[in-house]
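Asks: Encoded as structure tokens, here's the structure I'll be asking about.
Nothing in this text is a laboratory measurement; each read-out follows from the coordinates by a stated rule. None of the values given here were measured: they were computed from a predicted structure. Don't worry about glycine lacking a Cβ; one is built from the backbone with ideal geometry, like all the others, and counts go over all protein chains shown.
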Amino acid sequence: MKRIRRLLSISLLLMVIPLTGAFFARKEPDIEDLVLLQLMVEANPNFEPAALRAQAILIRTNIMAGKESLEETRHRLSDLMKHDITGRNFASYRKAVSQTAGVIVKVKGKCVALPYHRSSCGTTRAASEVKGKEASFLKSVACSDDILAEGFLQMREFQSGENVTIVRRFPSGYVETVKLRGKMTATMTGEAFRKEYGLASSCFYLKKRKGKVYIITKGCGHGFGMSQSMANTLAHEGRSEEEILSYFFKNLEFCRNEH
């Protein structure tokens, strides 16, 4: 955490203060400043206030769980320069952070990293779809309005020259394994395939047309935890940030972190 704060001290002076004024200059950067920075990059400023507050709580929780690395922080600071963070947008972010100041969530008394993504394929993924780690806090829930999210449905030509076959799917619709045949035959997970070929989602389908193979994806991201798009829908319906997070996760305990 000390290394992150040192990075923030230097980077904020050089990069952020010219855009946002003297907000960060008044004090030593702390966890709340880091929450604000990440919220600026990762959340849509036009989302409902409760959705922004839910996102702020998740970001703060993940920082406390040790999920955020120095490199991730540097990357987000760089991304921040690509966004308009002045005026009304900055005020929306800052309000969401201040209204949830210090609030984190725990699972069975422990602070654990809780995942989120832009939009699901129509349902989020259950704990049973996580390989190699305990994730009983995850649950599969309907996100019917995610179909309306920007970039929900995308199509691109698969040009690797290899023959790809979907071997198995999870109940949620996300691909579990694929087989690639080329000079060599290889099997990989759907999520690894998504990252390798830069797909929006590992919920994808193959369509062959006129000798070409096209990949059609549904949703944006890995599909675990909170769908940012559905969180905004729930907020629009009048749900609070606590109700939103409890919709996506099980056994949450809301508490205030003392730092």
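Asks: Report the gain in length on full extension from Ala113 to Ile216: 0.36 nm times residue separation, minus Cα-Cα distance, nm rounded to one decimal. Don't jump to the answer; show the numbers that get you there.
Replies: Working: separation 103, 0.36 × 103 = 37.08 nm, distance 2.98 nm.
Net length gain for the segment: 34.1 nm.
Asks: Kindly rank 145-152, 212-219 from highest to lowest mean number of other beta carbons found within 10 Å of each residue.
Replies: The densest-packed peptide leads the list: 212-219, 145-152.
Asks: If amide H atoms are built 1.01 Å from N in the plane of the peptide, which residues on other chains or at least 5 residues away come under 5 Å of the amide H of Asn257?
Replies: Those qualifying (amide H under 5 Å, at least 5 residues apart or on another chain) are Val103, Ile104.
Asks: Next question, about the same structure. Of Lys133/Lys208; Lys179/Lys210; Lys110/Lys131; Lys108/Lys179; Lys139/Lys212, which sit over 27 Å apart, Cα to Cα?
Replies: Check vs 27 Å cut-off fails for Lys133/Lys208; Lys108/Lys179; Lys139/Lys212.
Asks: Does the stretch 116-224 classify as rounded, prolate or oblate by the C-alpha gyration tensor (a ≥ b ≥ c root eigenvalues; a/c under 1.5 gives rounded; else a/b over b/c gives prolate, otherwise oblate)?
Replies: Because a/c hits 1.5 or more and a/b fails to exceed b/c, the stretch 116-224 counts as oblate.
Asks: Next question. For Arg209 paired with Glu42, estimate the spin-label separation in nm (one decimal), with each label point 7 Å from Cα along the Cα-to-Cβ line.
Replies: For Arg209 paired with Glu42, the spin-label model returns 3.6 nm.
Asks: If you don't mind, another one. How high is the FRET efficiency from Asp30 to Ser136, r the C-beta distance, R0 30 Å, rounded to 0.05?
Replies: Efficiency at R0 = 30 Å is approximately 0.45.
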